[in-house]
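In what follows, a single structure is set out as structure tokens and then discussed.
The values are calculated or read from the model by the stated rules, or taken from the named source; none is laboratory data. It should be emphasised that the depicted structure is a prediction, and the values quoted were computed from it without experimental measurement. All Cβ positions, even for glycine, are placed from backbone atoms using ideal geometry, and neighbour counts span all protein chains on display. Accessible surface is based on the protein model in full, side chains and every heavy atom, while ligands, DNA and RNA are left aside. Shrake-Rupley method; radii C 1.70, N 1.55, O 1.52, S 1.80 Å.
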Amino acid sequence: MEQHTTHTNTEVQPIDLSVLLRRMGRALTRLWPVCLALIVLCAALMGWRGHRSFRPMYRSEAVFSVNLSFVGGTDLSGYSQYYNKSAAQQVADTFPYLLTSDRMQELLLQRLGVTYLNGVISSSAIKDTSFFVLTVESPSPQDAYDILCAVIDVYPQVNRLVLGETQLVVNQEPSLPDTPYNADPWVRSAVKGAALGVVLALAVLIVAAALRRTVSSTGDVKRLVSLTALASIPRTAPKRRKNGPQQGLLITRMQTDSAFCEAYRLLRLKLLRQLKDEDKVIMVTSSIPSEGKSSVSVNLALSLAREGKKVLLIDGDLRGPSDKALLGITKPSEGLGQCLSGSLDQVHFLRYEDTSLYVFAGSEPIHAPMNLLQYDKLEALINTLRPMFDYIVLDTPPCAMMADALAMCRHVDRVIYVIREDFAATTQIFEGIQALAGADARMAGFVFNCAANVRGSSSGYGYGYGYGYGYGYGYGYGKTKRKSAE
């Protein structure tokens, strides 16, 4: 047996920004309810807080001018009156100080008969005129109106010591406000809360992406386990069919991406360099479901058949057969499970189109396959099939979660391990390969599937068919879409 050691690397590897962004995008597909809940909750809390702290304020205003009077006039009243900008500016300079003076406060309290003023008094001059605007703001509309009227009454008494005899000439009478001048800020507060929720959601996604212990490149795999990298299959999305069932992505179809086909050509060449003359049976497995091992099995078999080799594809995933669906075969047939539970005398294969590829796959799942795999029938079947074909590709279930692959690996010559980018946990990959090594499996290497950084690859979300086993996809990463990559 060739020795393949597994090891963990304690050195902290820097996270590439593009990898982090992709992981954040994939985390968003799983955690979007959490992110949406954070945004809605923050918006609701901030909006409620803004509404609770809202105090409606009322404003009462009056426009006036100041009449400065001097003795010695020639008019009927005996006073000489004049208005000019100089006097208006003088009033404007002293007005704010008089409004806040102790004398003004004392007179206002006496005039209103209260112990404190429930409002704020301010004034402003109208530019290039001798007019002023006197404003009182208060949470009570009646208090705003009453304070403004009181200021107009007592102001001449306070201002007498500064500018002499004065009189406020009101040009616009104050009125009782009926609506607050400020608006409830709950909408603005809710928008700020939503923005805070977005920031928190981004923080959650960043933490989830940074803590995600998966592999993002062939280098990550090599740092985790000592396996040869056979190929990097680009992430490619199959074109949707308007009519008929959706088929898997195959290298024999004209619309398939050229980089995808080239990756399988390189996989075939690199694999054949390793195989000896007696190595005919090749097993394909993975750590967990939806990593694309069935797609790799089918396309590897097609690639070998393209070279004129007589190839048999065995769907050994007895719990959830999918190879026929990937190839678009709808004809009912009996597969490995039915053969192991019956007689080996009659084994029927399906020929795939006009190729040298033959398919041995059943249509119905087997619910307890381990009972069949424990007997010597599988070994006898493999030995019977060896001289009939140049190569036999055996598609098996994931080995980190099911024991089926471990029972089958002792009857094969080489094992290809499929690892999907940023999917299975590093602990799952480590345990799966370690389990195969414990079963004396001869590892050919690994295929890095759904790789995002392969030159020439087109964007997509993986390809193929999913499982129907009913178990979770493990280790805290949540469920994966069943249509993703098996």
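Within the straight-line cut-off of under 20 Å between alpha carbons, the aspartates and glutamates reachable from residue 310 are 277, 278, 279, 323, 353, 354, 390, 395, 413, sequence neighbours fewer than 8 places apart in one chain being disregarded. Using the Cβ of residue 58 as centre and a radius below 14 Å, the other residues enclosed give a net charge of -3, where K and R count +1 and D and E count -1. Approximating the spin labels as points 7 Å out from Cα along Cα→Cβ, the residue 176-to-residue 126 distance works out to 2.6 nm. Loop-located chymotrypsin sites (Phe, Trp or Tyr not before Pro) in region 348-387 (DSSP state not H, G, I, E or B) with no more than 11 neighbouring Cβ atoms inside 10 Å: 375.
At a Förster distance of 45 Å, what's the computed FRET efficiency of residue 44 paired with residue 226, Cβ-Cβ distance as r, to 0.05? For residue 44 and residue 226, the calculated efficiency is 0.25. Per atom type, region 226-371 shows carbon and sulfur on 47% of its accessible surface, probed at 1.4 Å. Cross-link pairs exceeding 31 Å in C-alpha to C-alpha distance, out of 276/377; 127/192; 222/377; 276/331; 270/331, comprise 127/192; 222/377; 276/331; 270/331. For the pair region 335-398 and region 249-297, the centres of their Cα atoms are 19 angstrom apart.
Using the Cβ of residue 135 as centre and a radius below 11 Å, the other residues enclosed give a net charge of -1, where K and R count +1 and D and E count -1.
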